[in-house]
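Note sheet for the following structure.
Derivation of every value follows stated rules applied to the coordinates shown; laboratory data play no part. In this text the structure is predicted, and so the values were computed from the model without any measurement. All Cβ positions, even for glycine, are placed from backbone atoms using ideal geometry, and neighbour counts span all protein chains on display.
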Amino acid sequence: MRKKKVAGIFASLMLAAGVMAGCNSSTSGGGDSKEADKGGEIKIGANLELSGGVASYGQSIKEGIELAFEEINKEGVNGKKLKLVPYDNKSDAPEAITGATKLTSQDKVAAIIGAATSGNTKAQIEIAQSNKVPLLTPTGTAEDVTFKNGKLNDFVFRTCFIDPFQGTVAANFALNELKVKTAAIFIDSSSDYSKGLAASFKELFTKDGGKIVKEEAYVAKDTDFHAQLTNIKGAKPEFVFIPGYYEEVGLIVKQARELGITAPMMGADGWDSPKLIKLAGKAALNNTFITNHYSSGDSDPKVQEFVKAFKAKYSDKSPDAFNALGYDSAYFIADAIKRAGSADPEKIQKALAETDGLDLVTGKMKLDDKHNPIKSAVILEYVNGEQKFKTKVNP
Amino acid sequence: MFPIPFRKGVAFMEQLIQQLVNGISLGSIYALIALGYTMVYGIVKLINFAHGDVFMVGAFIGFYSITVMDLGIFPALLVSMAACALFGVLIERIAYKPLRNATRIAALITAIGVSLFIEYGTIYIRGAQPEAYPDGIVPLKSIDLFGVSISGQSLLILGVAIVLMILLQYIVHKTKIGKAMRAVSHDQDAARLMGINVDNTISATFAIGSALAGAAGVVFGIYYTKIEPLMGIIPGLKAFVAAVLGGIGIIPGAMVGGLLLGVIEALVSAAGFSLWRDGVAFVVLIVILIFRPAGLFGKNVREKV
């Protein structure tokens, strides 16, 4: 055993020396960053919410990444293996900053995957930009993650589509499929994600002839929503849009049904967690819908192949959208590294930006000039605590 | 059928009544917690800031009783109350009793320390992730009264709160230990001279107060579903406001203060200022401290020097 270990260290030293030599002869400079592909492996950081409020997102993304890395490493990327360096940001923006600093300056990763939420991703932008390390959020859907105040954050990427798109899809679905004329909006006023979705929903819904009869707000961590829901009930909307996260949404849906609000309710990918079903209860969730990035019920062969591999690895668990986006993020980066032909973060950045027509589980992806993927969305319906695939919407 | 203004009026009344029901449910929980604050303050003049965390521990004990030990709601409620009573006595004996003759600020800081210790101890033991009370454990259906729907859980909260408050009134006014508690709160030294075991009486007060907090924890879990290790902080502070509102140290004051605060919060949200709800609770505290420092039920007694 011991001998093997020593041999391993020796081998990695040799490889490292080789890399160093390569570095010296190259013209690009930035010698430090080359440490990312030290020892025949390329280090990829994962700055994720592994504990805290939205732990279930981070955990799911990590599962997806690990499965993808396993598959990718069977062949390797440019003859090297990908190595995941996970960091738990505890669902907290200051922790996410610490994580990004550690991953870029100590671990010297080639790229960072994470965080799951827009807020925790934005916290890392400054560090990614100044260290010139690509930052790829699997599920940060806020518009201003990649493009803010007319300026592109050129090292920031995402695998998911953006908030306005989800809000637009929801408004379309409410008007055309459910054929409702009035809606209420209930937002989490402490979340950019929630506000972004609500704004785009409202814009399209009112433009196409619908009427918003009530707007109410809550703050993350609240547990009592009865008062606001009573106000919503009084306005008699035919449809309630709740773009929040599962911890509060679970309680909102439960309390709404108890108060006798029977109207269909709809949210977005923030609802997507097994905890939601526990919090709200199966019966209360009937007649609710979400827009999402992917559905395991989609008959696309690429999706079914992924579902099969995922179930084989994780004791028959059906993968959710976070699993799928984590998985896709890994492939997104691997593809870029392959095309860049190097683990140099700046070359990876360039290759990521040029991605066009990459076939992923969550749809065929093309990046626009704001680093936003253009791809399809699905609408899911909760039926007795199960997500049922309803329809797929193309951009 | 009816002219429109009349129908609008009816709808408005329905909403108002619904909001009052919401407020009373929330207020009952505040009241149950506030009772513990007020009893402890009445007897040892200590704001027991760890009280909100006893409430949290009660919620978790109830949760594990229901999910792991497969108990029904009422057995779980009793288990949680008993365990919290014991826990409260333990806190008192370990943390507060050695400081009984120390300055009040020392005891207060200890209380804050105990509070943090319980919160983060719980996180250390079981992690920070929230837990959901199982669905459908309350057999009661929601009832519809003139368009106002009152859920089974609301009725349960109200029922539990009323029963416990009556029980408390009985204990305080009709039993020997209640008499001892009143005597100790009136004058500790005189009570001791009369042969009352002051230590045991104080422990009994902590036990009863903590049992009420435990009960509040379980009904909170049933009503709001989600429980987590830091859930005691805000309800604890609100209950403290409620206790001060009613007049700290006065038992009926805590009940009225709790219900009043719950209703005020619901009406603030109803008026469309839901984001100001928590702020309003503390504005109430400030206003009370300025205009009626002794609380609604308090008498202005000049402190003896």
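With the alpha-carbon atoms of the protein assembly as shown aligned to their principal axes, the span from lowest to highest coordinate is 94, 78, 47 Å, starting with the largest.
Expected output is a single nm value to one decimal: the length gained when fully extending between residue A:356 and residue A:384, i.e. 0.36 nm times separation in residues minus the C-alpha distance. What is it?
Numbers: separation 28, 0.36 × 28 = 10.08 nm, distance 3.89 nm.
Stretched out fully, the residue A:356 to residue A:384 stretch lengthens by 6.2 nm.
Normalised Debye scattering of the stretch B:112-158 at q = 0.21, 0.26 Å⁻¹ gives log10 I(q)/I(0) of -0.76, -0.91, counting only Cα atoms as equal scatterers and leaving out solvent. Remark on the stretch B:112-264: Rg and Dmax equal 18.4, 60 Å (Cα only). Largest first and in whole Å, the equivalent-ellipsoid semi-axes of the stretch A:326-395 read 30, 13, 8, each the square root of five times a Cα gyration tensor eigenvalue. Under the membrane-span-like helix rule (DSSP H runs whose alpha carbons stretch at least 30 Å along the helix axis, mean Kyte-Doolittle hydropathy 0.0 or higher), chain A yields A:2-25.
Above 20 angstrom, tally the Cα pairs of the stretch A:101-246 and express them as a % of all pairs, no decimals.
Numbers: 5772 of 10585 pairs.
Result for the distance tail: 55 percent.
Here the ratio of the Cα radius of gyration of the stretch A:189-257 to 2.2 N^0.38 Å is 1.10. Counting only the backbone N, which residues of the stretch A:98-118 are under 16 Å from the spot 7 Å out from the Cα of residue A:346 toward its beta-carbon? Flagged as within label range: A:110-111. Across all directions, the average flat footprint of the convex hull enclosing the Cα atoms of the stretch A:163-292 is 6.5 nm². The calculated P(r) of the stretch B:1-153, using every Cα pair and 5 Å bins from 0, goes 2, 7, 12, 15, 15, 13, 11, 8, 6, 5, 3, 2, 1, 0, 0 in percent. Using alpha carbons only, the radius of gyration of the stretch B:194-267 set against its Kirkwood radius gives Rg/Rh = 1.05.
FRET efficiency for the pair residue B:67 and residue A:316, taken as 1/(1 + (r/R0)^6) with r the Cβ-Cβ distance and R0 = 30 Å, rounds to 0.80.
Taking the square roots of 5 times each eigenvalue of the Cα gyration tensor of chain B, largest first, gives ellipsoid semi-axes of 33, 24, 18 Å.
Globularity index of the stretch A:63-152 is 1.13 (Cα radius of gyration / 2.2 N^0.38 Å, N = number of residues). Using a Förster radius of 45 Å, what is the FRET efficiency between residue B:90 and residue B:287 based on their Cβ-Cβ separation? Nearest 0.05, please. Efficiency computed from Cβ-Cβ geometry: 0.75.
Calculated FRET efficiency, residue A:304 and residue B:120, Cβ-Cβ r, R0 35 Å, to nearest 0.05? Don't jump to the answer; show the numbers that get you there.
Values: r = 45 Å, r/R0 = 1.30.
The pair residue A:304/residue B:120 has a calculated efficiency of 0.15.
Here's how it looks for residue A:147: its modeled amide H is under 5 Å from those of A:153, which are all 5 or more places away or on a different chain.
Derived scalar couplings between HN and Hα for the stretch A:273-280 equal 7, x, 4, 4, 5, 5, 6, 7 Hz in order, rounded to whole Hz, by the Karplus curve 6.51 cos²θ - 1.76 cosθ + 1.60 (θ = phi - 60°), x for Gly and Pro.
All C-alpha to C-alpha distances of chain A, sorted into 20 Å bins beginning at zero, yield P(r) values of 28, 54, 16, 2 percent in whole numbers. The angle separating the long axis of helix B:198-224 from the principal Cα axis of greatest extent in chain B is about 20 degrees. With the convex hull drawn around the C-alpha atoms of the stretch A:270-395, the volume per residue stands at 125 Å³. Can you count the Lys pairs in the stretch A:163-292 with C-alpha separation below 12 Å, eight or more apart or on different chains? Taking the Cα cut-off of 12 Å, the pair count is 10.
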